[in-house]
Structures are given as structure tokens and as C-alpha cells.
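Enquirer: Below is a structure I'd like to ask you about.
The values are calculated or read from the model by the stated rules, or taken from the named source; none is laboratory data. All values derive from a computational prediction rather than experimental measurement. Virtual Cβ from ideal backbone geometry, glycine too; neighbours counted across all protein chains shown. With ligands, DNA and RNA removed, areas are computed over all heavy atoms of the protein, side chains included. Shrake-Rupley method; radii C 1.70, N 1.55, O 1.52, S 1.80 Å.
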Amino acid sequence: MGDRKSRQIIRRALDNNPDAFIAVVGCYSQISPDKVIEIQGVKLVVGTNERAKIVELVEYAMDKEEKINMVSDIMEVREFEEMSIKNYKSRTRAFLKIQEGCDQYCSYCIIPYARGHIRSRRPESILEEVKQLAQNKFKEIVLTGIHVASYGRDLGNTSLIEIIELLHEVEGIERIRMSSVEPKTLNDEFIERLTKLPKICRHFHLSLQSGCDATLKRMNRKYTTEEYLRVVDRLREVFPEVAITTDLIVGFPGETEEEFKCTVDFIKRVDFSGMHVFKFSPREGTPAAEHKNQVSPQVKEQRSKIITAIAHDRELTFKNKFLNKKMDVLFEHKVEGQSSIYEGLTDNYIRVFAASEQDIKGIILPVELKAIKEDHIEGMLV
Ligand code: SF4
């Protein structure tokens with residue numbers, strides 16, 4: 001699906017402007033450079049590790065007659081590609097990439113082949129950028145990467161929890177949020193250290209993918225449902241009102257009715273506050289794509305509907321707990337088309353709208369939550 005969309009966008013770019021110079025950059029070109037270069041109109045193909053040099057590469061290729069393929073072997077790359085933020089448009093939440101690549105090889109995923117081995121950004125470089133972000137009035141840092149949990153393994157002398165502790169010291173930063181982490185990362189010691197850090201957002205996105213151990217094994221995920229549940233229970237013990245969100249794949253090859261039922265029971269037991277549900281789609285070059293027992297599109301659709309309905313219901317139950325309560329909201333921007341309504345997030349990931357005559361962008365303010373709407377809660381500044 002992703003490949004097809006990429007090809008459509010490339011063609012659309014050419015339709016919009018037949019004289020455009022078209023360079024294709026990223027995972028699709030890294031995995032299939034030969035296919036991409038064949039697409040009519042494409043002049044330059046760049047992989048996932050030369051992005052910082054894109055301007056020079058385009059300048060170099062512009063006056064050449066022939067098409068140019070600059071994709072290098074990503075598996076050879078061992079250094080984190082530094083691309084820090086130089087200009088700031090919004091001043092609320094900053095997504096900070098601390099890690100690249102993945103060595104997990106989940107059986108459905110192409111990312112290890114597209115992004116290569118894990119490479120962690122040096123702590124000094126991360127700290128420097130976060131100080132800069134704080135000076136530029138950012139209040140929240142979201143730590144991102146391809147597999148954030150493995151941060152530091154290649155450097156040897158640091159780890160994810162150490163980086164979080166380091167950034168926690170930066171004055172001006174009021175919230176630190178982790179993007180997706182693997183449940184096993186959050187062992188007892190890690191959670192214990194997190195509890196000492198008041199700036200940590202009470203929101204953890206723990207990728208589940210399946211609630212059945214047999215399916216997880218085929219997916220080559222490295223945890224069991226029992227281990228997963230233990231982490232969730234511990235987080236709920238130490239962080240009141242914590243939001244636990246997840247990703248789930250339905251219709252993974254070989255997923256039987258019993259396996260799916262197992263997943264349904266498990267997600268009800270965990271009681272997520274938010275879920276992203278994906279129907280399995282085979283990626284060429286991965287073991288799961290070769291699996292004989294592919295699930296039919298109709299069954300995938302049906303299973304996706306069942307999980308989505310449960311997810312929706314649980315999300316509502318979670319939000320309901322906060323009605324008429326006061327929560328701190330970091331306001332990000334005005335709601336589109338509304339002159340005095342601002343939107344922002346609580347630390348436990350509830351999107352909130354509130355009216356204000358003053359500019360409250362980039363400020364954390366207490367809000368009383370009043371009414372649940374489609375994708376947010378309406379509240380009043382207090
Ligand atoms: S799903 Fe995530 S952990 Fe698994 S291989 Fe892909 S990027 Fe790595």
C-alpha cells in the first residue's frame with residue numbers, strides 16, 4: 001500500500017508540473033531503488049542515510065542528462081545521521097529523534113532493511129539540542145526513533161533511562177514523552193527510576209501487535225502477553241490516570257479464529273485508552289509475506305471492525321473518567337477556522353479544546369473538562 005501511494009505521489013508531482021525536477025528520498029527508494037528510478041520523470045533517487053545532503057545532491061544532479069541513483073548500502077552505516085532542528089516555527093512540542101535503525105526483525109516488517117542497524121545519537125548532541133529547544137520556548141519533548149528501546153546499545157555507555165534523566169534536568173522543559181516503546185524495556189528498575197521524574201508524561205505507547213502468544217511468536221516479537229500485562233499493571237500502580245495506548249495488527253498470516261479470540265480477550269483485559277488497528281498487509285522481502293496461510297481480506301476487515309469497536313468504546317470510558325476534572329493542558333495552536341479556540345494535550349494524551357481571548361499557545365494551563373466530542377474534550381480555562 002505504502003509503495004503504491006509513493007508511486008502515485010511521484011506521478012502526481014509530475015502531472016502538476018511536467019518540468020519539475022523529481023528526487024525520491026526515503027524507505028521506498030532505499031528498498032527498491034531500481035523500481036523507483038524506472039518511474040517516468042524521476043531524476044534522482046536517494047536512500048535513508050543521505051537525507052541531510054539532499055540540497056547538494058539535487059544541485060549535483062540537476063544539470064545531468066542521466067538519472068542518478070545515490071542509494072548506498074544502509075546495512076554498512078553505523079553512525080547516527082545528525083540532523084538537528086535549526087529553525088523553529090511552532091513552539092510547543094518538539095519531536096526529538098534520538099535513535100535510528102532496528103535490529104529486531106519482526107517477521108512482517110521491512111524497516112530493518114530500509115533503515116539499517118541501530119545507531120544512537122550521542123548524549124551530548126541530544127542535550128545540546130534540548131537546551132536549544134528550551135531556549136526557544138518549547139515545553140514538551142517527545143523522544144522518537146525507529147526502536148527507541150534500543151537507545152544506547154551501540155554506544156555502550158548509556159541507555160534510554162539515562163537520557164531521560166539527563167534531559168529531565170533541562171530548565172524550561174516541563175514535559176518529556178516517550179514515543180512507542182517495547183514492553184520489555186519498562187522493567188521494574190526502569191519504572192522505578194521514571195517515578196522519580198515528575199516531568200514524565202503519564203502516557204505510554206506500548207506496541208502490542210497481537211494479544212495471542214502463538215501469533216506473537218510468528219511475528220518474532222520478543223515478549224509474551226503475560227510479560228506485557230505485568231508492565232501495564234505496574235505502570236497503573238505507580239502512575240495514577242496513566243494512558244496506555246497501542247498498535248495492533250489483525251489478520252496476521254495463520255491467525256485462526258481462536259488466536260483472534262485470544263487477542264480480543266486480551267485487549268479487553270488490558271483496557272487501552274487508545275489503539276491503532278492495522279489490517280496485515282504483506283511487505284515483499286519479509287518472511288510474513290511468504291507465509292502460506294494468508295488471511296482473506298474479508299476476514300481481516302471483519303476482525304478490524306471488531307477491534308475498532310472495542311477500542312472506541314474503551315477510549316470513551318477512559319475519557320469519561322476525566323469529565324468535570326481539572327487537568328493541565330499544553331496548548332499547541334488555534335483550532336483551524338476558529339478565532340478564539342485553542343487545542344492542546346494533557347500529559348496523559350487527551351486532546352482538549354478551550355476558548356481564550358488571549359494567545360495561550362505554548363502555555364500549560366489548568367482546564368476543567370466538560371464535554372466529550374468526536375476526537376477531543378471541550379473544556380473551560382479555570
Ligand atoms: S516492527 Fe518495530 S521493532 Fe519490529 S522490526 Fe519493525 S521497527 Fe523493528
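Enquirer: Count, please, the residues in region 348-371 that happen to be more than 25 Å from the chain's Cα centre (by Cα) and among the aliphatic types (A, V, I, L, M).
Expert: 7
Enquirer: Have a look at 237, 241 and point out the one that is under 22 Å from residue 266 (Cβ atoms), modelled with pLDDT of 95 or more and either surrounded by fewer than 18 Cβ atoms within 10 Å (Cβ to Cβ) or within 16 Å of the ligand (Cβ to nearest atom) (or both).
Expert: 237
Enquirer: I'd like to know if region 33-46 contains one or more residues that are within 27 Å of residue 177 (Cβ to Cβ), open to solvent by less than 20 Å² (accessible area, probe 1.4 Å) and assigned to a loop (DSSP other than H, G, I, E, B).
Expert: no
Enquirer: Name the single residue, out of those in region 182-196 being part of a loop (DSSP other than H, G, I, E, B) and away from the ligand (no atom under 16 Å from the Cβ), that is surrounded by the most Cβ atoms within 10 Å (Cβ to Cβ).
Expert: So the residue we want is 187.
Enquirer: Quick check on residue 173: is it at pLDDT 95 or above, touching a Lys or Arg at 6+ places or on another chain (Cβ under 6 Å) and open to solvent by less than 20 Å² (accessible area, probe 1.4 Å)?
Expert: no
Enquirer: Which of the residues that make up region 46-70 are modelled with pLDDT of 90 or more and either within 21 Å of residue 118 (Cα to Cα) or basic (Lys, Arg) (or both)?
Expert: Selection gives 46, 67.
Enquirer: In addition: Checking residue 154 against (1) within 16 Å of the ligand (Cβ to nearest atom); (2) in contact with a helix residue (DSSP H, G or I) (Cβ under 8 Å, 6 or more places away or on another chain), only one condition comes out false. Which one?
Expert: Residue 154 satisfies all of (1) within 16 Å of the ligand (Cβ to nearest atom); (2) in contact with a helix residue (DSSP H, G or I) (Cβ under 8 Å, 6 or more places away or on another chain) except (2).
Enquirer: While we're here: I want to confirm something. Restricting to region 207-234 and keeping residues that are in a helix (DSSP H, G or I), of a type in the set (A, V, I, L, M) and within 14 Å of the ligand (Cβ to nearest atom), which single residue is farthest from residue 108 (Cα to Cα)?
Expert: Only one residue fits best here, namely 216.
Enquirer: Considering only region 257-289, state which residues are part of a strand (DSSP E or B) and of a type in the set (Lys, Arg).
Expert: Within region 257-289, 279 is the sole residue that qualifies.
Enquirer: Continuing with the same structure: May I ask you to list the residues in region 176-223 that are modelled with pLDDT of 95 or more, over 15 Å from residue 347 (Cα atoms) and under 16 Å from the mean Cα position of the chain (by Cα)?
Expert: Result: 206, 207, 208, 209.
Enquirer: Of the numbered conditions (1) within 16 Å of the ligand (Cβ to nearest atom); (2) open to solvent by less than 10 Å² (accessible area, probe 1.4 Å); (3) over 24 Å from residue 230 (Cα atoms), residue 143 satisfies every one except a single condition; which is it?
Expert: Here residue 143 clears every test but (3).
Enquirer: Further, regarding this structure: Check 216, 229 and return the single one that is of a type in the set (A, V, I, L, M) and surrounded by 19 or more Cβ atoms within 10 Å (Cβ to Cβ).
Expert: 216
Enquirer: Among the residues of region 115-129, is there at least one that is open to solvent by 50 Å² or more (accessible area, probe 1.4 Å), in contact (Cβ under 8 Å) with a residue 60 or more places away in the chain, within 30 Å of residue 215 (Cα to Cα) and in contact with a helix residue (DSSP H, G or I) (Cβ under 8 Å, 6 or more places away or on another chain)?
Expert: no
Enquirer: Now, a different point. Of all residues in region 12-29 being at pLDDT 90 or above and within 29 Å of the chain's Cα centre (by Cα), which is most open to solvent (accessible area, probe 1.4 Å)?
Expert: 12
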